[in-house]
Amino acid sequence: MMTDAEKKRVLSMVALARRAGKIVTGEDSCHRAIRNGEALLVFLATDASANTQKKFRDKTNFYNVPIIEIFTKQEITTHTGLQNRATIAITDQNFAKKITELNPF
């Protein structure tokens, strides 16, 4: 289980990636990024719909993209400024590596 401090560090890295233009958000854009090999790490909100969760679990499993399901939509909104987002894909290798190093998921 992650501590709040660990969660905050991960979300801070996601926010940095957003400011650097190294993320894709929204279901359709994230699906496209996964299929095209652009998505290196995917965040899926724990309170996403069951249909969205199944789609993303299946898609990331098929394309062998790591998926992290530890944040709610509200936590994502609070730390990134992105409203009501259930999915975020990290498209930069350095950000993806740093985020996975910060935490054992």
Give me the residue from segment 45-57 that is part of a helix (DSSP H, G or I) and more than 16 Å from Ser29 (Cα to Cα) and, out of that set, nearest to the chain's Cα centre (by Cα). Lys54
Under the condition of being modelled with pLDDT of 90 or more and among the acidic types (Asp, Glu), which residue from segment 2-30 is surrounded by the fewest Cβ atoms within 10 Å (Cβ to Cβ)? Asp28
Within segment 47-56, identify whether any single residue is among the aliphatic types (A, V, I, L, M) and either on the phi > 0 side of the Ramachandran plot or free of Cβ contacts under 8 Å to residues at least 12 places away in the same chain (or both), and answer yes or no. yes
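Yes/no matrix, rows are residues, columns are (1) part of a helix (DSSP H, G or I); (2) among the aromatic types (Phe, Trp, Tyr); (3) under 14 Å from Arg85 (Cβ atoms):
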| residue | (1), (2), (3) |
| --- | --- |
| Ala5 | yes, no, no |
| Lys8 | yes, no, no |
| Val14 | yes, no, yes |
| Gly21 | no, no, no |
| Val24 | no, no, yes |
| Arg32 | yes, no, no |
| Gly37 | no, no, no |
| Phe43 | no, yes, yes |
Which members of segment 42-57 meet the condition of being surrounded by fewer than 17 Cβ atoms within 10 Å (Cβ to Cβ) and touching a helix residue (DSSP H, G or I) at 6+ places or on another chain (Cβ under 6 Å)? Asp47
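Inspect segment 10-19 for any residue being under 14 Å from the mean Cα position of the chain (by Cα), on the phi > 0 side of the Ramachandran plot and not β-branched (Val, Ile, Thr) and give the result as yes or no.
Among the residues of segment 10-19, not one is under 14 Å from the mean Cα position of the chain (by Cα), on the phi > 0 side of the Ramachandran plot and not β-branched (Val, Ile, Thr), which makes the answer no.
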Inspect segment 42-62 for any residue being over 26 Å from Thr3 (Cβ atoms) and acidic (Asp, Glu) and give the result as yes or no. yes
Per the list (1) over 17 Å from Lys7 (Cα atoms); (2) surrounded by fewer than 21 Cβ atoms within 10 Å (Cβ to Cβ); (3) under 11 Å from the mean Cα position of the chain (by Cα), residue check on Ala39 breaks on (2)
Set Thr100, Thr80, Thr60: member being over 14 Å from Ala17 (Cβ atoms), surrounded by 14 or more Cβ atoms within 10 Å (Cβ to Cβ) and not hydrophobic (A, V, I, L, M, F, W, C): Thr60
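The values are calculated or read from the model by the stated rules, or taken from the named source; none is laboratory data. All values reported here derive from a predicted model rather than from experimental measurement. Backbone-built Cβ (ideal geometry, glycine too); neighbour counts: all protein chains shown.
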